[in-house]
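Trainee: After the C-alpha cells below, expect a handful of questions from me.
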Amino acid sequence: MAQMVLVMGESGTGKSTSMRNCDPAATAVVNPVGKPLPFKNHFEMLNNETDAGKICKYMKEQAAAGKKLIVVDDFQYILAVPYMNRIKETGWDKYNDFGSNYFEIINVCKELPDDVVVAYMTHLETLDNGLVTVKLIGKLLREKITIEGLFTVVLRTGVNEGKYYFYTQNSGKDTVKSPLGMFKSYAIDNDLNYVADKIRNFYEVGDYMPDAEMERADAAVAGDLEKPDVNGRRTRTRRKTEAENTTPPTATGQDTAEAKSEPVEQPKKTRTRKTRAEAQQEDDKKIGDYMQECDKAVEEACGNAEEVPFDEATAATEKVAEPDLQKTPRRTRKERNPEQSAAGAQEMNCSDEPEAQSEQQADGAMNPPETPARGQRRRRTR
C-alpha cells in the first residue's frame, strides 16, 4: 500500500508551490482543472480529468513506470467540477456518485507499491463548531466517512510574516496530525519533497534517506514558530527575553540556595528623554552657529564691502549646511505642574484685595436674625 499524506490549506498559502523541489523524473501530477503550477516545471501531468476510473488508471501506470511521488492537486475539485456540471439535476443520486468517485481515488492507494507517496492537496473549511477540516460537498462524506481518518499524516499550510509553512501537529482547532516523533518541530518549510523523504525514512520503505542525512534535512526545514495556545496566539522562540534564558552566576552552594529563595532584583530602566527646555536650548545653539557660519560665508564672498547684493549673499549662504533641528518634545506632567502652580499663585495674589474688601463689608453688615433652635416651638397667632 502506498504512503498517503493529506495537505489542506487556503488558496495561496503554498500547497502547489510545495512541489517546487520535487524531482520531475520521479513525480507525476493529477491536475483536475488543468491550471498551470506557480513555477516552471517538467512534471508528467494528467490535466482536466475528474473521472475516478481514468485517474486511478493513470496513477497505477505512473507507479509502474517508476514514479515515487504522485500528487493530486487540487483534490476538492474532484467533487466541485462534477457538481457544477450536474448542478441542474435534482435528487440525491448525484451526491452518491460524487462520494463514490472521491473515495475511489483514495482507495486506489491500496494497489500501489509501498515506497510510493501519494499527496492529496485540498482546500479547507471551518465548521459551525469552529473546527477547521477538509472541504467537501454535501453531507454524505462528512457524516459517513471521516476523510482525515483515512490518513496517518495530515498537514496544514500557513503563512507567517511572509514565510510559508506546513503545520505538523494538531492545534486543538483543526484535524492536523502526524506520527509521534516523525517531525521534529511544529512548523516546517512547505517542502513536499522533504515530506515524502521523511515518510519513507520514518517507515523505512523503498530507497529511503539515512538517518544522519535525514537529521540534516530536518534542521534545514525546521521553522521557528511555537505551537499556538488555546486562544490561537503564537510566538517565536527566538524572541524570548534573555532574562528567561539566563541565570545570575553563583560561587558556592550557599549562594545558589540564596538565589533560589530570594528573587533577583532587576535594574530599573531610566529614561534618557530630553526635556523641552533642553531641546530648545540645543536648537537655539545650532541656529546661532548657523547664523555665524552664514555671516562668515558672506564676508569671504564679498570681502569688506559696505553693501552686499542680495543675490550674492543668498548664493554664499546656500553653501552653508542648514542645522538639523530636532522635534521639540511635549512637556511632561512634571514640567507642566510648576507652570500651573505659578499661574495659580499669581491669580491668588490678584484676588486678595477683593476678598479683603468683601470681608470688611461682611463685618459692617447687619447681623442676620437668629433662628430658633431645633426643637423650639413658637406660638402662632391669627
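Trainee: Only residues that are in contact with a Leu (Cβ under 7 Å, 6 or more places away or on another chain) and either in contact (Cβ under 8 Å) with a residue 24 or more places away in the chain or among the aliphatic types (A, V, I, L, M) (or both): list them for the stretch 123-152, please. It would help to see each step written out before you state the result.
Mentor: Residues of the stretch 123-152 that are in contact with a Leu (Cβ under 7 Å, 6 or more places away or on another chain), as a first pass: 132-137, 142, 147-148, 151.
Matches in the stretch 123-152: Val132, Thr133, Val134, Lys135, Leu136, Ile137, Ile147, Glu148, Phe151.
Trainee: Something else about it: How many of the residues in the stretch 26-41 are surrounded by 13 or more Cβ atoms within 10 Å (Cβ to Cβ) and among the charged types (D, E, K, R)?
Mentor: Of all residues in the stretch 26-41, those surrounded by 13 or more Cβ atoms within 10 Å (Cβ to Cβ) come to 26-33, 35, 37-38, 41.
Then drop every residue that is not among the charged types (D, E, K, R), which leaves 35.
Qualifying residue count for the region: 1.
Trainee: Just checking, which of Glu44, Glu10, Glu61 is closer than 21 Å to Arg156 by Cβ and surrounded by fewer than 20 Cβ atoms within 10 Å (Cβ to Cβ)? Spell out how you get there, then give the answer.
Mentor: Working: Glu44 fails: closer than 21 Å to Arg156 by Cβ; Glu61 fails: closer than 21 Å to Arg156 by Cβ.
Step by step, each of Glu44, Glu10, Glu61 is checked, and only Glu10 is closer than 21 Å to Arg156 by Cβ and surrounded by fewer than 20 Cβ atoms within 10 Å (Cβ to Cβ).
Trainee: Look at the stretch 186-198 and say how many of its residues are within 25 Å of Pro228 (Cβ to Cβ) and either among the aliphatic types (A, V, I, L, M) or touching a Leu at 6+ places or on another chain (Cβ under 7 Å) (or both). Don't jump to the end; show me each part of the working.
Mentor: In the first step, residues of the stretch 186-198 are kept if they are within 25 Å of Pro228 (Cβ to Cβ); the result is 186-192, 194-195, 198.
So of that shortlist, the ones also either among the aliphatic types (A, V, I, L, M) or touching a Leu at 6+ places or on another chain (Cβ under 7 Å) (or both) come out as 186-188, 192, 195.
Of the residues in the stretch 186-198, 5 are within 25 Å of Pro228 (Cβ to Cβ) and either among the aliphatic types (A, V, I, L, M) or touching a Leu at 6+ places or on another chain (Cβ under 7 Å) (or both).
Trainee: Here is a check on your reading of the model: is Tyr120 within 22 Å of Ser11 (Cβ to Cβ), surrounded by 12 or more Cβ atoms within 10 Å (Cβ to Cβ) and modelled with pLDDT under 95? Can you show your working first?
Mentor: On the way: within 22 Å of Ser11 (Cβ to Cβ): yes; surrounded by 12 or more Cβ atoms within 10 Å (Cβ to Cβ): yes; modelled with pLDDT under 95: no.
For Tyr120, the condition - within 22 Å of Ser11 (Cβ to Cβ), surrounded by 12 or more Cβ atoms within 10 Å (Cβ to Cβ) and modelled with pLDDT under 95 - is not met.
Trainee: Quick check on Gly34: is it among the small types (Gly, Ala, Ser) and on the phi > 0 side of the Ramachandran plot?
Mentor: On the way: among the small types (Gly, Ala, Ser): yes; on the phi > 0 side of the Ramachandran plot: yes.
So Gly34 fits the description; yes.
Condition check ((1) among the acidic types (Asp, Glu); (2) at pLDDT below 75; (3) assigned to a loop (DSSP other than H, G, I, E, B)) across all residues:
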residue	(1), (2), (3)
Gln281	no, no, no
Met291	no, no, no
Val298	no, no, no
Glu335	yes, yes, no
Ala343	no, yes, no
Glu347	yes, yes, no
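Trainee: Another question about this same structure. Among what's in the stretch 174-217 and is within 22 Å of Leu150 (Cβ to Cβ) and either assigned to a strand (DSSP E or B) or β-branched (Val, Ile, Thr) (or both), pick the residue that is most open to solvent (accessible area, probe 1.4 Å).
Mentor: Filtering first and then ranking leaves Lys177.
Trainee: Could I ask something else about it? I'd like the full set of residues that are open to solvent by less than 30 Å² (accessible area, probe 1.4 Å), under 13 Å from Gly223 (Cα atoms) and part of a strand (DSSP E or B), limited to the stretch 155-173.
Mentor: Thr157, Gly158, Tyr165, Phe166, Tyr167
Trainee: Under 6 Å between Cβ atoms, at least 6 apart or on separate chains: pull out the pairs that start in the stretch 172-199 with a residue that is without any contact (Cβ under 8 Å) to a residue 24 or more places away in the chain and end on any residue that is of a type in the set (A, V, I, L, M, F, W, C) and surrounded by fewer than 19 Cβ atoms within 10 Å (Cβ to Cβ).
Mentor: Asp197/Met209
Trainee: Same structure, new question: Output the qualifying pairs, or none if there are none: Cβ atoms under 7 angstrom, residues six or more apart or on different chains, first residue in the stretch 302-320 and in contact (Cβ under 8 Å) with a residue 24 or more places away in the chain and at negative phi, second residue assigned to a helix (DSSP H, G or I) and of a type in the set (Phe, Trp, Tyr).
Mentor: Hits for this filter: Val320/Tyr290.
Trainee: Is it the case that the stretch 93-103 has a residue that's open to solvent by 60 Å² or more (accessible area, probe 1.4 Å) and without any contact (Cβ under 8 Å) to a residue 12 or more places away in the chain?
Mentor: Yes, that holds for at least one residue.
The values are calculated or read from the model by the stated rules, or taken from the named source; none is laboratory data. Quick caveat: nothing in here was measured; it's all calculated off a predicted structure. Quick reminder, even Gly has a Cβ in these numbers, built from the backbone with ideal geometry, and neighbours come from all protein chains shown. Quick note on the areas: whole protein, heavy atoms, side chains included, nothing else; ligands and nucleic acids left out. Shrake-Rupley method; radii C 1.70, N 1.55, O 1.52, S 1.80 Å.
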